[in-house]
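Structure first, then comments.
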Amino acid sequence: MSTVWKVVGVLLVVWLALSVLGAVVKGLFWLAIVGGVLFVVTAAVGALKSGNKKQLP
């Protein structure tokens with residue numbers, strides 16, 4: 001096998017790996033955004049509910 005084909009093969013493997021890694025990172029980014037929004041909403045609802053029960057002496 002010629003050196004050119006080895007280089008082309010390596011470049012194809014690297015390209016495939018970067019494509020898969022990019023898709024995973026993009027998916028995890030959106031999951032992190034959704035998780036952050038849900039965390040903030042849950043914290044706000046919890047603060048509002050606990051704020052209603054507290055009464056000043």
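The values are calculated or read from the model by the stated rules, or taken from the named source; none is laboratory data. Remember, predicted model here, so these are calculated numbers, not experimental data. A quick note on method: Cβ atoms are made from the backbone with ideal geometry, for glycine too, and the neighbour counts reach across all protein chains shown.
Check whether at least one residue in segment 41-55 is part of a helix (DSSP H, G or I), at pLDDT 90 or above and surrounded by 10 or more Cβ atoms within 10 Å (Cβ to Cβ), and report yes or no. Scanning segment 41-55, I find at least one residue that is part of a helix (DSSP H, G or I), at pLDDT 90 or above and surrounded by 10 or more Cβ atoms within 10 Å (Cβ to Cβ), so the answer is yes. Among the residues of segment 8-18, is there at least one that is out of contact with any strand residue (DSSP E or B) (no Cβ under 8 Å at 6 or more places or on another chain), of a type in the set (G, A, S), in a helix (DSSP H, G or I) and modelled with pLDDT of 90 or more? Taking every residue of segment 8-18 in turn, at least one turns out to be out of contact with any strand residue (DSSP E or B) (no Cβ under 8 Å at 6 or more places or on another chain), of a type in the set (G, A, S), in a helix (DSSP H, G or I) and modelled with pLDDT of 90 or more.
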